Amino acid sequence: MEGLARLIRYFILVSTTNAGSGHPTSSLSAVELMTSLFFARFARRDGFFRPSYDRLIFSKGHASPLFYSLWAAAGAISEKEILTLRRFGSRLEGHPSMAFPFTEVPTGSLGQGLSTGVGMALNAKYLDKLDYNTFVLLGDSEMAEGSVWEAIQIASFYKLNNLIGILDVNRLGQSRETMYGYDVGAFEKRISSFGWNTTLVDGHNFSQIGQAYQAALGNKNQLADGPTMIIAKTIKGKGVKFWEDKAGWHGRPLPREELEKALNELGPFDKKIRGKIMPAPKINPLGSDTNQPPRLIGASYSPGEMVATRKAYGNALVRIYPKYPNMVVLDGEVSNSTYSEIFAKAYPGRYFEMFIAEQNMVGVALGLSARGKMPFVSSFACFLERAFDQIRMAQYANCNIKFCGSHAGVSIGEDGPSQMGLEDIAMFRTILGSVVLYPCDGVSADRLTEEAAKHKGIVYIRTTRKETPVIYSEKDRFPIGGSKTLRSSSKDQVTVIGAGITLHEALEAYELLKKSNIFIRVIDLYSIKPLDLPTLQKTARETKAIIVVEDHHPEGGIFEAVTSALSNENVKIYSLAVRKIPGSGKPDELLDFEEISASAIIKKVRQILK
């Protein structure tokens, strides 16, 4: 082990010095911890594509030089490649990314790796029924993140004895000493209080480390109730004497003129030795059996029936599950409002309650997606916003996650502005390759939920609290990137674009204006990203102006999406959106107050036609 550890330190030092950047000191502190895990027959990592392969997440993603050096020491990558660290086009990016084939999920935004590990451990224990373990390397600095403690709490709740955290307590953060410094007892007290098994070790002592891993694996074999955290006291910069436990070196490589001196301090090492990783067993997923036949609920709605799109979403989850058996549903303890509870009752083995911890919920979804599941994640739209960093990181993981934000906009009524998602469309529009859908009735909500399931990638479905009349028939289809032109004639002077709740306001405005012989075109822009560009271009050329009405702030919303799409068209586009701080009130009162109601649409049309 000592020889492999010296070789790994060599790879860390030469790769970061050659790159001229990186985090060698943070990598050096965890060398013994990871060398033992890889090469002392604790992690079953050989056989990369096997479902039973133990998972390893570097939550402290800035220690990527260590991550890559482990695989160099295993012979999976060459010394020549390790010297491409951080170069443009290299698989070895500054933080682990999916460009490197042994990366489980991209990391680097601290505080997220343990949540992802929870998702992978849930998958093994409750879904695939596989024996693999999930190991997560954490840094002591990231333990200040609340999402870590959300993950610690939920891992205990689900009794994930197949989850092993490895906490590298090297005392020094980026700019100063960490919150608890070398008080490893403080970490042990806090983590154990959540129901975790904890072990304190000298993070550079192979004997103690090996005993800790053996005990952690033994806990699993003995069906212990909780996960394990190995809390290791380490030295930042270990192996280079003039670096060890010295502040001010975070994120700084050795200058070339000091590299030789540092390598001499490592002692003799053999560049030709390679470690062997224990192979994973050839076991396929067993899958979960709910012992319940498929229940086809909520597939049919009648015209004029009053249905909240959030409830149609819940019904749709149950209806489509037999077609998409890799589905799993997560909720943030509002399932009786988002109506994911309908799925939870029908298929309890495929539902996981994540409680009021949305950042962790998204991280867990990423872990499940990385193991081949398709998570549907629901909460109030505004609460998903606090998990934006996790959603942002998920876009780099080639993930397949569906989000549903209910209670969107001022139309939720009396609950007031703290519960109104008014920025959610903008948030999800910024995600690369994302799809944003906004149904207006029960039929469109049902169909769009299935469209989300068909699509590979991140999809956001925006649902409404208020019941709305069903306007579509069972024959209607809602492809992603489409729209519905609901009112149209050769006499149309202005086009009104609505989505969700405002679509119904636009239809009401149409009926009232028609009485004055004023005709407007009404478009249901249910697919906000991608947009139905041909329909938008057509209406831009056939009507004098376009009014976009949305229950959302104007910045980043539907108006900006439409305006950007039609930037080359000679048409005036007007915005009716939420521009005032809302309060509590009846939905209709708030729509009037924000000037996104039928009366506001009528007023704007008349102003334009003057």
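Worth pointing out:
- Degrees between helix 501-514 axis and first principal axis of the chain (Cα, 0 to 90, nearest 10): 20
- Rounded tilt (10° steps) of 146-157 against the dominant C-alpha axis of the chain: 80
- Under the Karplus curve 6.51 cos²θ - 1.76 cosθ + 1.60, θ = phi - 60°, whole-Hz ³J(HN,Hα) for the stretch 330-346, x wherever Gly or Pro sits: 10, 8, x, 6, 10, 5, 7, 9, 7, 6, 5, 4, 4, 5, 4, 6, 6
- Taking a straight line from the alpha carbon of residue 233, these lysines sit under 21 Å away, with near neighbours fewer than eight places off in the same chain left out: 60, 189, 241, 246.
- Which of 354, 278, 229 has the fewest Cβ neighbours within 10 Å, and the rest in rising order: 278, 354, 229
- The chain: calculated mean residue ellipticity at 222 nm from DSSP helix runs of at least 4, using -39500 (n - 2.57): -10500 deg cm²/dmol
- Counting neighbouring beta carbons within 10 Å and listing from fewest to most, the residues 475, 159, 373 come out as 475, 159, 373.
- For the listed peptides 78-86, 417-425, a ranking on the average number of other beta carbons within 10 Å per residue, highest first, reads 417-425, 78-86.
- Taken over the C-alpha atoms, the stretch 426-478 has Rg and Dmax values of 11.9, 33 angstrom.
- Unit charges on C-beta of K, R, D, E only; dipole of the stretch 1-107, Debye: 80
- Straight-line cross-link reach from residue 538 at under 17 Å between alpha-carbon atoms covers these aspartates and glutamates, not counting any fewer than eight positions away in the same chain: 492, 524, 569.
- Sequence-distant contacts, meaning Cα pairs under 8 Å at least 6 residues apart, place the relative contact order of the chain at 13 percent.
- Exposed-loop-free span, longest in the chain, where chymotrypsin sites (Phe, Trp or Tyr not before Pro) count as exposed if DSSP calls them loop and at most 12 other C-beta atoms lie within 10 Å: 243-610
- Stokes-Einstein translational diffusion, the chain - Kirkwood Rh over all Cα pairs, 1.306 mPa s, 10 °C, in µm²/s: 61
- When only Cα pairs below 8 angstrom with a gap of at least 6 residues are kept, the stretch 2-274 shows a relative contact order of 25 percent.
- Charge dipole magnitude, Cβ of K and R +1, D and E -1 - the chain, Cα centre, debye nearest 20: 1460
- When only the Cβ of Lys, Arg, Asp and Glu is charged (+1, +1, -1, -1), the dipole of the stretch 484-609 relative to its Cα centre reaches about 540 debye.
- For the stretch 52-92, with +1 on Lys and Arg beta carbons and -1 on Asp and Glu, the positive-most of 58, 74, 88 along the dipole: 88
- Net charge of Cβ neighbours under 11 Å - reference residue 21; Lys, Arg +1; Asp, Glu -1: +3
- Distant-in-sequence amide H partners of residue 455 (H built 1.01 Å from N, under 5 Å): none
- For the residue pairs 236/261; 311/572; 484/529, alpha carbon separations beyond 25 Å are given by 311/572.
- Relative to the current alpha-carbon distance between residue 266 and residue 225, full extension at 0.36 nm per residue lengthens the span by 10.6 nm.
- Relative to the current alpha-carbon distance between residue 588 and residue 493, full extension at 0.36 nm per residue lengthens the span by 31.5 nm.
- Hz values of 3J(HN,Hα) by residue in the stretch 128-138 - Karplus curve (6.51, -1.76, 1.60), Gly and Pro given as x: 7, 6, 9, 8, 5, 9, 10, 9, 10, 8, 10
- Shown for 318, 136, 364: other C-beta atoms within 10 Å of each C-beta, ranked fewest to most, produce the order 318, 136, 364.
- Between the helical axis of 442-454 and the longest alpha-carbon principal axis of the chain there is an angle of about 30 degrees.
- Rounded to 5, the percent of DSSP beta bridges in the chain classed as antiparallel: 15
- On the beta carbon distance between residue 515 and residue 580, with R0 = 35 Å, the FRET formula returns roughly 0.75.
- Under 5 Å, built H, 5+ apart or other chain: amide partners of residue 308: 468
- Close amide H contacts of residue 500 (hydrogens built in the peptide plane, cut-off under 5 Å, sequence separation of 5 or more or a different chain): 440.
Bear in mind these aren't lab numbers, they're just calculated from the coordinates by the rules spelled out. Here the structure is a predicted model, which means the values were calculated and not measured. Here the Cβ is made from the backbone with ideal geometry for all residues, glycine too, and neighbour counts use every protein chain on show.
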